[in-house]
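Inspection log for the structure reproduced underneath, given as structure tokens.
The values are calculated or read from the model by the stated rules, or taken from the named source; none is laboratory data. This structure is a prediction, so every number in the text was calculated from the model and none was measured. Ideal geometry is used to build each Cβ from the backbone, glycine not excepted, and the neighbour counts take in all protein chains shown. Only protein heavy atoms, including side chains, enter the accessible area calculation; ligands, DNA and RNA are left aside. Shrake-Rupley method; radii C 1.70, N 1.55, O 1.52, S 1.80 Å.
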Amino acid sequence: MTTGTDTKWDWEIKEKTSWLGSSPAEFWSYRHLLVGLVRRDFLMGYQQTVLGPLWVLLQPILTLITYVLVFGKVIGISTGTVPPVLFYLAGIVLWTLFNDGFTGTSATFSENAHIFSKVYFPRLLMPVARLVGYLISFGIQFGFLVLVLAYYWLFTSWRAPSAFGLPLALLVILLISIQSLGLGLLFSVLTGKYRDIRFFVGLGTRLLLFLTPVFYPVQHVAPKSRWLLELNPLTPLFELFRWSLLGQGIVTPGQVLYSVSFTLGLFLLALLTFNKQGDKLMDVV
């Protein structure tokens, strides 16, 4: 800091909010806090539990058993040439990432108002830390999916596509993460202003599950009703994910471009809204 009229401060709090929020350099300077938040969320999530982090694998396994019994055995939904276990597990793992990322970040302001009102740091750290924690859990579940893929490759007659599909799968994971974070940021502002919105978050995700090809192939949906699925920007991503790993899925470049454009547009809108409304919400929550 220097004296005189040209005083320069290391950082300064102003009464006006910015659409752009914190600069990348300022956000990076809080990287150690980000690591601490991720560690805190992960440890708190499994405190006082019998199985601890094993729940990361147990949850998709129990869901997989339910899907195989209900949709595979009772209802009899065909999964084509892909073994039902692989088909359902791929959808469950990807949906879990989206669902956790969205619902976990949608209550950022209502859950952390007591922290935001007492200490300053980039507000974006909180939802990003949540998402990073969910990505760690997803990494474990995705590793389990790869092991199941390897089992079917080595001990059955089914064959997966070439390894060149893996970069596409990683692209889908990135887009799903961005989309869930974008929706979470947008709804965190809404739930901060209107608390009853959080009830619609849970209801909305349950309804969205049925409009997303998580437990059924798109080709089995009647053509006259398929447009509902095509309006859902998640549909091309789920189909591309299965096509890249399992070799089965209906997706076109135009549909992928639609999902990418929607995801990036949503994230930009959500980020600007989150940055502009963040400080104002402190007087509400």
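Computed values, structure above
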| read-out | value |
| --- | --- |
| Two-decimal ratio, the range 130-183, of alpha-carbon radius of gyration to 2.2 N^0.38 Å | 1.36 |
| Translational D in µm²/s for the range 52-281 (Stokes-Einstein at 10 °C, 1.306 mPa s, Kirkwood Rh from C-alpha pairs) | 85 µm²/s |
| Nearest-20 debye value, the range 52-281 charge dipole, Cβ charges on Lys, Arg, Asp, Glu | 300 debye |
| Options 190, 268, 249, ranked by Cα towards positive dipole end of the range 52-281, top entry (Cβ charges) | 190 |
| Quarter of Cα convex hull surface for the range 39-120, i.e. mean projection, nm² | 7.7 nm² |
| Carbon and sulfur %, accessible surface of the range 48-193 computed with the full protein complex present, 1.4 Å | 72 percent |
| Segment residue 44-residue 156, length gained on full extension (0.36 nm per residue, minus Cα span) | 36.3 nm |
